[in-house]
Amino acid sequence: MPGGASLEAQQYYAHPRNAFWPIMGRMFGASHELAYQERQRILRDHGVAVWDVLASCIRPGSLDANIRGDSLQPNDFIGFFREHPRIKKVYFNGAKAAQLYRRLVLPLLPEHSDRGEQLPSTSPAHAAMPFEEKLQKWRQVADFIAADSPPGA
């Protein structure tokens with residue numbers, strides 16, 4: 001779920017110390033200096049969708065550890081995958097997103113195919129990993145897209 005800064009701004013990864021947009025800037029040119037709508041367009045043009053595992057939950061504050069387990073409502077991934085059949089890979093921004101997807105969503109999917117790959121959280125709360133190391137691990141997203149795109153696409 002988005003943190004407080006993101007909910008207030010109505011933008012994914014709005015916290016100024018979150019590494020998501022700096023990483024997207026280095027990989028795709030969707031840096032945080034651009035208007036939010038422009039960043040969204042750039043990611044779409046590269047075949048990247050950003051969506052939460054949860055549609056809603058109750059969480060005091062912004063830490064995933066504070067999410068109340070009895071309040072979890074997953075997003076409709078069955079409908080999302082039906083609308084977007086070309087999706088081959090799902091990358092999770094951190095362990096909690098991967099855990100919730102595998103527990104709440106994966107068992108509901110008709111093919112039960114786990115297309116998911118956990119990446120290190122870009123949250124400022126995950127400060128133990130330096131930016132350059134996060135960037136290196138996140139590069140697999142750009143590498144997958146490049147390998148999956150036909151020449152000249």
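Tabulated values for the structure
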read-out: Tabulated pairs, the range 91-110, first on the phi > 0 side of the Ramachandran plot, second outside any helix (DSSP H, G or I), C-beta under 8 angstrom, 6+ apart or interchain; value: Gly94/Gln118; Gly94/Leu119; Gly94/Pro120; Gly94/Ser121; Gly94/Thr122; Gly94/Ser123; Gly94/His126
read-out: Residue count, the range 85-140 (criterion: modelled with pLDDT under 95, of a type in the set (Asp, Glu) and not in a loop (DSSP other than H, G, I, E, B)); value: 1
read-out: Search result, residues across the range 130-146 that are out of contact with any helix residue (DSSP H, G or I) (no Cβ under 8 Å at 6 or more places or on another chain) and either surrounded by 14 or more Cβ atoms within 10 Å (Cβ to Cβ) or closer than 18 Å to Ala97 by Cα (or both); value: Lys137, Gln140, Phe144, Ile145
read-out: First in the range 28-43 and over 20 Å from Gln140 (Cα atoms), second anywhere and of a type outside the set (S, T, N, Q), Cβ under 6 Å, 6 or more apart; value: His32/Trp21
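The values are calculated or read from the model by the stated rules, or taken from the named source; none is laboratory data. Model, not experiment: these values are computed from the prediction. Cβ: placed from backbone, ideal geometry, glycine included. Neighbour counts: every protein chain shown.
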